[in-house]
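What follows draws every value from the coordinates through simple rules; no lab data is involved. Treat the numbers as computed from the prediction; the structure is a model and nothing was measured. Note: ideal-geometry Cβ built from the backbone for every residue, glycine included; neighbour counts use all protein chains shown.
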Amino acid sequence: MKMTYREAIRQGLHDALAADPRVFLMGEDVGKYGGSYAVSKGFLDEFGPERIRDTPLSELGFVGAGIGAALGGMRPIVEVMTVNFSLLALDQIVNTAALYRHMSGGQFSVPVVIRMATGAGRQLAAQHSHSLENWYAHVPGITVLAPATIDDARGMLKPALADPDPVVIFEHALLYNFEGELTDTARDVDIRSAKVLRAGNDITLIAYGGTVWKAQEAAKELAAERIDAEVLDLRVLRPLDDATIMASVRRTRRAIVVDEGWRTGSLAAEVMARITEQAFYDLDAPPARVCSEEVPIPYAKHLEDAALPQVPKIVAAVRRLLGKG
Amino acid sequence: MSDPALQPVGVPDELALGMLRDMVRIRRFEERCADLYGQMKIRGFLHLYIGEEAVAVGAIRALQPDDNIVATYREHGHALTRGVSANAVMAEMYGKQEGCSRGRGGSMHIFDAATRLYGGNAIVGGGLPLAVGLALADKMQDRKRVNAAFFGEGAVAEGAFHESMNLAALWKLPVAFFCENNFYAMGTALARSESQTDLCVKAAAFGVPTKKADGMDVVAVHEAAKAAAAHVRSGAGPFFVEFQTYRYRAHSMFDPDLYRDKAEVEEWKKRGPIHNLSNRLKAEGRLTEEQFLAIDADAVREVEAAVAFAEAGTWEPVEALTRDVHTEAAR
């Protein structure tokens, strides 16, 4: 069945709310407004204001309240409008949610799910366009997810809610209108593994979230040049699925990580380090990456485009790595 | 505030003596902690509550066993009053696995699920949104619980305080905001950090009812906390109490205490919560010096037993280092 990423997220939320009275959705404009990305349109009427809870512009407060409610036996889904705003709540996520279980000697788990939009591409300029997934993926105690496919958009919420510990879900803002196929496997997706979306033999393109589709597009272009690229969707940014990454890279013997985060200290850097540590002698070329340029994302379309990983950049990086540049 | 020395105690013996006993237990426990810190048995940050005991004791005595407590990094007194054993708290300070947080938390992170003590939070104001969330869960699940959030006056400057007060008031949540105003945020006096030093005025801005209480008088604390808890439990929404109190010791063991007059400290010591209560009970003929000494001796015995327990405790094997980063069963 074809559907948009938005609809897939919406169905996942709807299922979760219908299945468990402990589940509620809380965040800015999730109710009356219908969700800033319209994923919760109609939910207020269906589930009522207790469970579709509009919050003030108070990220630290309502994310912390979600964490407290999780400790109190609820299964909150807290929506933060964008990862940029989530920095206002970073203290509660990093200093409370991620630590409580270990710091309490295993007495208190925090089964909260925090969803937020991430990424650039809509000319929203520097304070609405960043990709800071790696900040969260740095922190022990939380699981970090980045659904890129319709199946994952539809299916990841259920296992996230079943997880007794905090889970942060990044939805790439450019994907909401993206249309794709929902398959039967959406009902039982896991939140532990990476996944090969396109099989290939010459090189592995490792991507997540919004860059998955740029990598796919690049792979198509490369196929015309008889370069057979594999596309691996990380899906889970913490913990990284080393086994699937290495299995692919050992076979293709080359890897490029495509990451919308800034290059320095990026998730791409972590993936490359792991490949170097674990698969160095299987490589035919040093691992490479295509990341965002190290500038605040600008407003002007041509500058924004230039700042982000794009298909031609990925194609060029592949050619370079294969000595065909 | 009128002189508490002249006020009748006005509560039954069992409660009055129980509160006296708890304050003495905390005092003896923490004096011993200071010694042990000098002996390097306890490390890290150690924030003593000495002088402020009436607040935790009076307030927690106003709660039910099913109520939730969120506390700060100066929480030994809250834990002991709440019923966490001195053994478990002392072993935690030693970093032993018999400690209430298995030695992962130390002095600042005393947790106890059995008595519903949700920490031991060492981010100033960090526990407040958490208390709001616990209260939200109670409201959504129709439980008549009070969520008591303890925090210092320093937290009132944090955004977390304002956001939490707003959410609690907006959603009429069962939170008792218990502000322990000891007048110094580490070394910064209230008047040097706040444009409005009347903390109740700040709380009132959110439409939350408030009360000021003498935090050196355990009975006054108890009465104020009882009223707050009753209001909160009735479903009428949050309540804010400012307890004015004073810490006799420095902020932590690292603090040279250069920011306040010794005379000021001495002045507050005259109002000490333990002799404040014991003198009044004696004047009313409800406590003899012998009884007081017996209470003190019991407390010393309990603390020494806790030290022995902690000494005999064991270190968690390093192999267990990464345990409980996540819930094991889920992995």
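Here is how the numbers come out for the structure above:
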item: Per DSSP, loop GluC sites (Glu not before Pro) in the range B:252-331 with at most 14 further Cβ within 10 Å; result: B:E284
item: Tilt relative to chain A, helix A:311-321 - C-alpha long axis, 0 to 90 degrees, to 10; result: 50 degrees
item: Derived scalar couplings ³J(HN,Hα) [the range A:150-159; Karplus, 6.51 cos²θ - 1.76 cosθ + 1.60; whole Hz; x for Gly, Pro]; result: 5, 4, 5, 4, 7, x, 6, 5, 4, x
item: Dipole of chain B, positive direction: furthest Cα of B:V156, B:A213, B:L80, with charges on the beta-carbon; result: B:V156
item: Three-way shape call for the range B:168-252 based on the alpha-carbon gyration tensor, with the a/c threshold at 1.5; result: oblate
item: Shielding score for B:109-117, defined as the mean number of other chain Cβ atoms within 10 Å; result: 3
item: Taking A:T211, A:T264, A:T204 and counting other C-beta atoms within 10 Å, the order from fewest to most; result: A:T264, A:T204, A:T211
item: Evaluated over the protein assembly as shown, the Cα radius of gyration and Dmax, each in Å; result: 28.1, 99
item: Extension gain (nm, one decimal) between B:S234 and B:A189, 0.36 nm per residue minus Cα-Cα; result: 12.6 nm
item: P(r) tail fraction, chain B - alpha-carbon pairs more than 24 Å apart, %; result: 54 percent
item: Angle between chain A longest axis and helix A:242-252 axis [Cα atoms, degrees, rounded to 10]; result: 20 degrees
item: Förster radius 25 Å - calculated FRET efficiency between B:E284 and B:Q64 (Cβ-Cβ, nearest 0.05); result: 0.35
item: Under 18 Å from B:K262, Cα to Cα: aspartates and glutamates that are on another chain or at least 8 residues apart; result: B:E52
item: Spatially proximal aspartates and glutamates relative to A:K32 (Cα-Cα < 13 Å; intrachain offsets below 8 disregarded); result: A:D45, A:E46, A:E50, A:D54
item: ³J(HN,Hα), Karplus 6.51/-1.76/1.60, whole Hz, each residue of the range B:281-296, x for Gly, Pro; result: 5, 5, 4, 8, x, 9, 8, 9, 4, 4, 4, 4, 5, 5, 4, 5
item: Anchor A:K324: aspartates and glutamates whose Cα lies under 16 Å away (excluding residues fewer than 8 positions away in-chain); result: A:D202, A:E221, A:E225, A:D228, A:D284
item: Most positive-pole-ward Cα, A:Y37, A:P49, A:G61, against dipole of the range A:21-64 from beta carbon charges; result: A:P49
item: Fewest-first sequence of B:C200, B:C33, A:C291 by Cβ atoms within 10 Å of each Cβ; result: B:C200, A:C291, B:C33
item: Among the listed pairs B:K202/B:K226; B:K139/B:K270; A:K41/B:K211; B:K41/B:K211; B:K226/B:K270; A:K195/A:K313, those beyond 32 Å (Cα-Cα); result: B:K139/B:K270; A:K41/B:K211; B:K41/B:K211
item: Pair A:R263, A:D188: separation of 7 Å Cα→Cβ label points (nm); result: 4.4 nm
item: Other-chain or far-sequence residues with amide H under 5 Å of A:R289's (modelled H); result: A:V257
item: Taking B:E92, B:E52 and counting other C-beta atoms within 10 Å, the order from fewest to most; result: B:E52, B:E92
item: Calculated from backbone phi, Karplus (6.51, -1.76, 1.60) coupling profile of the range B:67-80 in Hz, x at Gly/Pro; result: 6, 9, 10, 10, 10, 9, 6, 10, 10, 4, x, 5, 5, 5
item: For the range A:2-188: rounded, prolate or oblate by the Cα gyration tensor [a/c cutoff 1.5]; result: rounded
item: Global form of the range A:104-205, assessed from the alpha-carbon gyration tensor, a/c cut-off 1.5; result: oblate
item: On Cα atoms only, tilt of A:211-224 relative to the major axis of chain A in degrees; result: 30 degrees
item: Largest-first ellipsoid semi-axes for the range A:171-325, taking √(5λ) over the Cα gyration tensor eigenvalues, angstrom; result: 22, 20, 16
